[in-house]
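Have a look at the structure below, then the notes.
The values are calculated or read from the model by the stated rules, or taken from the named source; none is laboratory data. The model shown is predicted, which means the values in this text are computed figures rather than measured ones. FYI the Cβ positions are ideal-geometry reconstructions off the backbone, even for glycines, and counts take in every protein chain you see.
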Amino acid sequence: MEERLPLVTIMGPTGVGKTDLAISLSKAVSLEIISVDSVQVYKGMDIGTGKPPKEILDKHPHKLLSFIDPWKSYSTALFINDATRELDLCDKSKKVPLLVGGTML
């Protein structure tokens, strides 16, 4: 089994500044921001979820954000597959994964 790069996490309730901290860190270090929020995975579920606005996402992309239609079934097992794929990509690109979320999957 190959050794992975270090993993950094920022966890906490909605509205406490996790995204701002993630963006500040990504400016200083080569990080890949990966959302691990159970609600932010859904497309169109923007109100009350604390999703960053488009202007922020254009400059600081977040993986696993707004990629599932809300009417589709999505489970923790599927999330683990998606997250593992993103972590593998981080390893290949030598970017440290930064997991950010409030309602963790």
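What the table below lists for this structure:
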read-out	value
Top-ranked residue of region 11-52 - restricted to ones that are among the hydroxyl-bearing types (Ser, Thr, Tyr) and not in a helix (DSSP H, G or I), ranked as surrounded by the most Cβ atoms within 10 Å (Cβ to Cβ)	Ser35
Residue check for Leu78: within 20 Å of Ser93 (Cβ to Cβ), of a type in the set (A, V, I, L, M, F, W, C) and surrounded by 10 or more Cβ atoms within 10 Å (Cβ to Cβ)	no
Residue in region 81-92 that is assigned to a loop (DSSP other than H, G, I, E, B) and of a type outside the set (Val, Ile, Thr) present	no
Where Lys92 falls short, out of the listed (1) at pLDDT below 95; (2) under 16 Å from Thr9 (Cα atoms)	(2)
